[in-house]
Amino acid sequence: MNLPLGLSSLALTAKEAALEAAKILKNGFKQSIKVSTKPGRQNYVTEYDNQSENCIISSIKNQFPSHQFLAEESGLSYQIEPEEVLWIIDPLDGTTNFIHHIPIFTISIAAMIKQEIVCGVIYQPFTNELFISEKNQGAYLNGKKLQVSSTKFIKDALISINFPYDVKDHPIFSIEQLREFTLLGASLRNLGSSSLALAYLAAGKLDAFWMNHLYPWDWAAGKLMIEESQGKLTFYPEKENLFTTSTILATNSQLHPELLKCIKH
Ligand code: IPD
Ligand code: CA
Ligand code: CA
């Protein structure tokens, strides 16, 4: 696999950790998978989520013992204002796919310094797609520089969304916007892995991404991927927050204003 030259020690460490954890997930995928539930609807976890997360954290700690972590299964290991690098980790993004033996999921790892994501790695084990981005250095897929698509019109766009399931409790999880996208002629997809969708948007495979109720580990690495491939990403209606969920619109540079108008209905 070709890699961009001159990766920082943070990016190299994240890449090594992701490749190591991928072995656990690939092996686990072949087994019968024991599923547990977490609070909330359709919120599942497997032993492989935990094993992958432990592997990633210990691999990073080996290199950087003083760094801090915000990881999906083990939570926070840091003060509100971390002095050190904060790693934001989703050890298996796409657990529902994994449980159903659908090989579409990733490992997503980002490093943040003073509220800014400085590097991100997203790895899809079954297709061997390794996405790496570094602040001001671009985003790469297996060593090839990424650029978002140039699709101009919603009617031609392929948009990644998640389907609403609790519209009553969370009106922003509205089906109205999905209806509007459909009426405007867009093709909609739910890949079941938000980090993979963001990476595919960065790679120009998708044209836009609109998802709600995403945790920081779902979007952290992907956000930098989008910014480094000349895409545009907006947290809506509130700005991002590491302590709660967010709604995100991300697009190529062309579609942002029109799609923003649609979702603000
Ligand atoms: C989920 C996936 C999915 C998104 C959900 C996330 P998980 O992450 O990213 O695409 O729609 O909101 O929770 O639970 O598989 O890590
Ligand atoms: Ca996730
Ligand atoms: Ca996860």
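Those residues that are open to solvent by less than 10 Å² (accessible area, probe 1.4 Å) and not polar (S, T, N, Q), I need them from the stretch 121-147; list them, please. Matches in the stretch 121-147: V121, I122, P125, L130, F131, I132, G138, A139.
Given the criteria outside the structural domain of L70 (by the TED database), free of Cβ contacts under 8 Å to residues at least 40 places away in the same chain, more than 23 Å from H101 (Cα to Cα) and surrounded by fewer than 21 Cβ atoms within 10 Å (Cβ to Cβ), does G185 qualify? So G185 passes the test. Taking the conditions (1) buried (at least 24 other Cβ atoms within 10 Å of the Cβ); (2) touching a Cys at 6+ places or on another chain (Cβ under 7 Å) in turn, Y200 satisfies each one other than (2). Per the listing S246, S229, the residue uniquely open to solvent by less than 30 Å² (accessible area, probe 1.4 Å), in contact (Cβ under 8 Å) with a residue 24 or more places away in the chain and under 20 Å from N43 (Cβ atoms) is S246.
The condition of being within 16 Å of ligand 1 (Cβ to nearest atom), more than 21 Å from M112 (Cβ to Cβ), loosely packed, with under 15 Cβ neighbours inside 10 Å and in contact (Cβ under 8 Å) with a residue 12 or more places away in the chain holds for only one of N190, N162, that being N190. All conditions but one from (1) acidic (D, E); (2) farther than 18 Å from A221 by Cβ; (3) surrounded by 15 or more Cβ atoms within 10 Å (Cβ to Cβ) apply to D93; the one that does not is (2). Kindly indicate whether K144 is within 12 Å of T251 (Cα to Cα) and modelled with pLDDT of 95 or more. Taking the combined requirement at face value, the residue does not satisfy it. Across the stretch 96-111, the qualifying residues are those that are of a type in the set (V, I, T) and surrounded by fewer than 24 Cβ atoms within 10 Å (Cβ to Cβ), and the one among them that is nearest to ligand 3 (Cβ to nearest atom) is T96.
The values are calculated or read from the model by the stated rules, or taken from the named source; none is laboratory data. It should be emphasised that the depicted structure is a prediction, and the values quoted were computed from it without experimental measurement. Because the Cβ atoms are built from the backbone with ideal geometry, glycine has one as well, and the counts that use them run over all protein chains shown. We work out accessible area using only protein heavy atoms, side chains counted, and drop any ligands, DNA or RNA first. Shrake-Rupley method; radii C 1.70, N 1.55, O 1.52, S 1.80 Å.
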